[in-house]
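Encoded as structure tokens, the structure appears first; notes follow it.
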Amino acid sequence: MAYIFKGKLLAAICPDCVEVVSNVTVRLYRLRDDQNSAELATAEAKDTFSILTDEQVKAKKKYLIAETKTDDEGRYSFTLGKKQKYEGEPFEIDVYIEKAPHQKDSDKKPEPIQFTITTLQPQWRRTPNGFVAHWDYTIPSRFWCYIRAKLGAWVICGYVYDCRTKPPTPIGGVKVIAFDRDWLQDDELGLAFTDSNGKFRIDYTISDFEKTPFTPIINVECTPGPDVYFRIEAYDGTLLLEEPKSRGRDADRENVGPCFCVKLCVEEPVGPPGENPFFTHVGDFNIASDISAATGLTNKQKFGHGGPDFGFFSTIKFKGYCPKTPFGSTLPLHYRFLYVHPDDPGNEIPVTGNLVPGTTATTGMVVGARVLPWDTLGTGIQNTFQDVIIQRSGTASAPDSLPTPPTVPPGTPWGPPPPHILIPDADGWIRVDQSPNLLDNGFYGTLMGFRSHVAQPGGTPPLPGAGNDPAPVQENGKILKIIFETTTDPTNPALFQRQISQAHILVNNWVEVRQLDIKQFSIGSAGSCTGLTSDLNILYTADHELMRDWKVTINSAATFTVPPPPLPSGVGPRGGFGDRYIDISSWPSCSYRVWLTTQRALTTGEVDDDADSTLVTFCK
């Protein structure tokens with residue numbers, strides 16, 4: 001007879017913030033001869049919880065009954081029987097974890113942890129298919145936060161509310177940015193948007209608050225944890241709360257631990273801009289104040305990305321607000337975006353088809369949310385959020401329809417509600433969802449995703465050869481005009497309403513030129529397997545219309561008595577090229593690596609371009 005043991009694993013960050021423990025390994029062990037099964041099986045989990053050493057894990061390996069992984073919802077299931085030599089007795093439950101839920105990647109990979117939760121005698125219930133037992137468990141915050149600390153996974157769980165109302169009401173859709181008040185410079189720990197319950201979550205790592213202007217040469221923090229203060233902004237960038245930096249030195253904010261929970265009060269009005277539709281932002285950049293209409297470049301940094309003279313690339317979000325209906329009307333409102341390319345100035349092209357990101361719900365753009373009565377966990381009907389998503393193809397949901405609950409026995413988890421899918425028509429029109437369950441009386445925040453590399457392709461430009469001037473073959477981006485329109489009837493152009501304010505953005509999807517070579521390897525009989533003796537000529541070419549910075553560097557395991565001379569580098573467009581000669585006759589015999597590193601001044605509006613490098617090696 002089979003024994004089916006299943007359940008769900010959760011963990012408390014704080015009483016109001018509980019997360020699913022997903023994608024970890026759950027291990028069941030037989031009890032050893034020296035263990036008192038009666039005492040252990042009746043003990044509280046808080047008294048049996050322990051983190052194991054590598055030696056302890058190895059010692060109990062031969063007692064392993066079975067193991068499995070939790071899914072994305074923290075669920076696990078075991079089927080035990082003759083193969084596992086199991087007959088219903090108590091067992092020990094361990095968890096093996098390599099990475100905490102939502103943990104950000106960092107330079108230092110965390111060491112895996114195995115911990116024992118408890119010894120359990122399942123309460124088996126006979127069914128036609130065998131014995132069944134169910135065990136859900138929430139790891140207490142004092143244990144879970146200790147594990148998170150050992151993994152280097154730090155988190156802030158928070159709640160934003162309007163303290164002008166009584167009782168205070170939650171505020172959804174606002175941006176919360178967390179900072180660490182440091183003695184050298186203030187670090188941005190991360191940002192998040194509140195959900196419709198006013199809740200937000202920011203995940204970060206130790207490196208996010210240990211950085212200094214001299215990292216990685218020195219890395220100094222006065223205290224083990226960050227000293228936290230916050231800024232909150234509305235959907236259009238309006239400042240709602242700006243805590244002073246000194247707030248991070250108060251007793252309740254100084255040196256916070258790996259799990260920090262906070263409530264933030266906002267006294268400024270917040271919400272969609274009245275009853276009228278507006279296109280306000282490209283990513284996080286205001287189309288009126290943050291982007292030059294003449295150059296299409298940003299003029300400042302926003303939330304840690306972009307900066308003066310940044311262009312745009314890759315997939316971009318157009319943001320703003322579009323209500324369900326026009327002011328004073330009951331007719332459903334439609335909206336669309338169009339762009340104009342300077343090479344074809346008389347052609348206004350709708351953003352639809354391949355210009356729109358996403359062929360599935362997971363790759364599309366979330367533009368709204370609804371509140372539904374739904375039994376996600378099998379614990380009863382609760383108000384649950386359903387995403388409204390725009391994607392370029394696939395099967396659209398029926399207009400304004402709500403998902404049909406599954407027909408399952410009571411207590412069976414339904415899982416999350418399927419998203420409501422919208423697909424632009426051939427002219428790019430999107431009909432705003434009219435469901436009474438829709439939050440905010442419309443869509444605000446992201447209204448459309450735009451694949452800029454389809455509108456203005458890039459690729460690899462012609463390569464002039466390392467050391468040569470790239471001017472004859474340089475490639476540039478183009479300034480695209482972005483237009484926003486609304487209507488109650490997409491078939492009647494006479495009813496189209498066009499926003500006067502338009503965005504002009506410089507789009508450049510060209511890869512930077514980054515060529516590097518050693519002259520001695522391309523002349524005479526020398527080759528890359530021949531060591532150099534006295535002469536080193538570095539041939540380099542770095543070019544891009546919006547080059548943020550570039551540099552040539554050399555590293556080696558050799559110990560230099562005299563430091564190598566300065567090497568070529570620069571900031572700003574367009575880059576540089578040349579033949580840099582270095583006398584290496586006094587350098588130690590060793591292997592050397594020459595790098596050319598470049599980074600473009602490009603942003604999606606939310607994420608900046610990463611640096612890339614090219615490498616050549618030589619020996620002396």
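Read-outs throughout are calculated quantities, based only on the coordinates presented, and are distinct from any laboratory measurement. In this text the structure is predicted, and so the values were computed from the model without any measurement. Because the Cβ atoms are built from the backbone with ideal geometry, glycine has one as well, and the counts that use them run over all protein chains shown.
Remarks
- The length gained on full extension between Thr295 and Gln434, counted as 0.36 nm times the residue separation minus their Cα-Cα distance, comes to 46.2 nm.
- Around the amide H of Tyr86, modelled in the peptide plane, lie the amide H atoms of Gly81, all under 5 Å away and 5 or more residues distant in sequence or on another chain.
- Label-point gap, in nm, between Gln382 and Glu254 - each point 7 angstrom along Cα→Cβ: 3.7 nm
- Set of aspartates and glutamates with alpha-carbon distance to Lys300 below 12 Å, sequence-local pairs under 8 removed: Asp284, Asp290, Asp309
- Taken about its Cα centre, the range 518-583 carries a charge dipole of about 80 debye when Lys and Arg each add +1 at the Cβ and Asp and Glu each add -1 at the Cβ.
- The packing ranking of peptides 492-499, 313-320, highest mean first, is 313-320, 492-499, where packing means the average number of other beta carbon atoms within 10 angstrom of each residue.
- Its Cα centre serving as origin, the range 416-475 has a Cβ charge dipole (Lys and Arg +1, Asp and Glu -1) of approximately 100 debye.
- Whether the range 278-507 is rounded, prolate or oblate, judged on the alpha carbon gyration tensor where a/c under 1.5 counts as rounded: prolate
- Computed about the Cα centre, the dipole magnitude for the chain is approximately 1400 debye when only Lys and Arg (+1) and Asp and Glu (-1) carry charge, each at its Cβ.
- By average C-beta atoms within 10 angstrom, highest first, the peptides 347-353, 535-541: 535-541, 347-353
- Within straight-line cross-link reach of Lys620, lysines at Cα separation under 26 Å, skipping those fewer than 8 residues along the same chain: Lys519, Lys551
- Aspartates and glutamates with Cα under 12 Å of Lys481, excluding same-chain neighbours fewer than 8 positions away: Asp343, Asp344, Glu348
- Dipole of the chain computed with +1 at Lys/Arg Cβ and -1 at Asp/Glu Cβ about the Cα centre; of Ala153, Ala192, Pro332, farthest Cα towards the positive end is Ala153.
- Annotation: extensible slack from Leu239 through Thr559 equals 110.0 nm (criterion: 0.36 nm per residue apart, minus Cα-Cα distance).
- Listed residue (Val454, Pro416, Phe443) projecting farthest to the positive dipole end of the range 371-485, Cβ model: Val454
- For the peptides 571-582, 112-123, the ranking by packing is 112-123, 571-582, with the highest mean count of neighbouring Cβ atoms within 10 Å listed first.
- A dipole drawn for the chain from +1 and -1 charges on Cβ atoms has a positive end, and of Val132, His544, Val594 the residue lying farthest that way is Val132.
- Computed E for Ile51/Lys199 - FRET, C-beta separation, R0 41 angstrom, nearest 0.05: 0.90
- Model label sites at Val473 and Thr533, defined 7 Å from Cα along the beta-carbon direction, differ in position by 3.5 nm.
- Residue pairs, from the table Lys166/Lys317; Lys6/Lys62; Lys150/Lys302; Lys58/Lys82, whose Cα atoms sit over 26 Å apart: Lys166/Lys317; Lys150/Lys302
- Residue-averaged 222 nm ellipticity for the chain, from DSSP H runs of 4+ at -39500 (n - 2.57), nearest 500: -1500 deg cm²/dmol
- Once the chain from Lys69 to Thr165 is taken as fully extended at 0.36 nm per residue, the excess over their C-alpha distance is 30.1 nm.
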